[in-house]
Amino acid sequence: MPDYIPSNEDGFQTWALNFANTLSSDPPRWMLTAAQALSIQNAVDDYVAKKTIANTEETRTKITIADKDDARSVAEIMCRQYAMMIKDNIGITDGDKLAVGVRPINPDREPIDPPSTQPLINILGNTPGIQTVVYADTTTPDSKAKAPGATSLQLFRGIGLEESMPVAQCQFYGAMTRNPIDVEFNEADDGKFAVYYARWANAKGEVGPFSLPISMRIAA
């Protein structure tokens, strides 16, 4: 099922600004508190500001791009969480759902089950400043296809002095749709270890179990 949240940066910005601004105009209409609407607005505004910095030639660096990507992840996770609450709330009209960019529930559509399998992840390349991660599903290890029903791979990354790290200490790196994935590092990461976990997510934001971890020393 196609995702109604655009994946490209400009499309996501347009959708997220409409979502945040419309909710902020009258939070109770979508059964939210003013504080909830403000938290969404702040996350989206932070992404827009950091996207502008990262996409401006004079301020475009690896650090500003990483900051922009982190802000995008935070904003998308928050927007998706509240979008699903609005979508499933029968007290909100379909017209109000459409006004904030949320597709109403289609009663004739077959339900999509959460992903049930684990991804297989591996590090294909390790060059200065970049590690290339590839993924597959445990049921089809020789294919680059996602698991049935999955629309993205949620990648988590931790950076530390040890080869192992629990997933709770890793940060969400992004919802990935392309395979392979280039993961960037700063010079300060040189010599440390990158630890990765991943899990499948479907269009509703439901996730499956985490993969086994992989790690490799960073050459930044």
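Residue count for region 51-79 under the criterion of being within 18 Å of Pro6 (Cβ to Cβ), under 17 Å from the mean Cα position of the chain (by Cα) and not aliphatic (A, V, I, L, M): the result is 7.
Per the listing Ile90, Ile105, Ile86, the residue uniquely within 23 Å of Ser7 (Cβ to Cβ), part of a loop (DSSP other than H, G, I, E, B) and not assigned by TED's automatic domain parsing to the domain that holds Asp190 is Ile105. If you check Ala150 against the conditions, is it at pLDDT 90 or above, among the hydrophobic types (A, V, I, L, M, F, W, C) and under 27 Å from Thr61 (Cβ atoms)? No; evaluated as a whole, the condition is false for this residue. The residue of region 116-151 that is farthest from Ile181 (Cα to Cα), among those that are among the β-branched types (Val, Ile, Thr) and more than 22 Å from the chain's Cα centre (by Cα), is Thr139. What's the number of the only condition in (1) closer than 25 Å to Arg157 by Cβ; (2) under 21 Å from the mean Cα position of the chain (by Cα) that Tyr4 fails to meet? The single condition Tyr4 does not satisfy is (1). Remark: pairs (first residue in region 177-189, in contact (Cβ under 8 Å) with a residue 60 or more places away in the chain and outside the structural domain of Pro148 (by TED's automatic domain parsing); second residue surrounded by 15 or more Cβ atoms within 10 Å (Cβ to Cβ) and outside any strand (DSSP E or B); Cβ separation under 8 Å; 6+ apart in sequence or on different chains) are absent. Counting only strands (runs of 3 or more DSSP E) that fall entirely inside region 125-220 and contain at least 2 residues that are of a type in the set (A, V, I, L, M) and buried (at least 18 other Cβ atoms within 10 Å of the Cβ), the qualifying elements are 130-137, 150-160, 171-176, 181-184, 193-202.
Looking only at residues in region 115-133 that are in contact (Cβ under 8 Å) with a residue 60 or more places away in the chain and among the hydroxyl-bearing types (Ser, Thr, Tyr), the one that is farthest from Ala198 (Cα to Cα) is Thr127. Of all residues in region 178-204, those satisfying the criterion of being out of contact with any Cys (no Cβ under 8 Å at 6 or more places or on another chain) and of a type in the set (Val, Ile, Thr) are Ile181, Val183.
The values are calculated or read from the model by the stated rules, or taken from the named source; none is laboratory data. Computed from a predicted model, the values in this text were never measured in an experiment. Methodologically, a virtual Cβ is constructed for each residue, glycine included, from the backbone with ideal geometry; neighbour enumeration extends over all protein chains shown.
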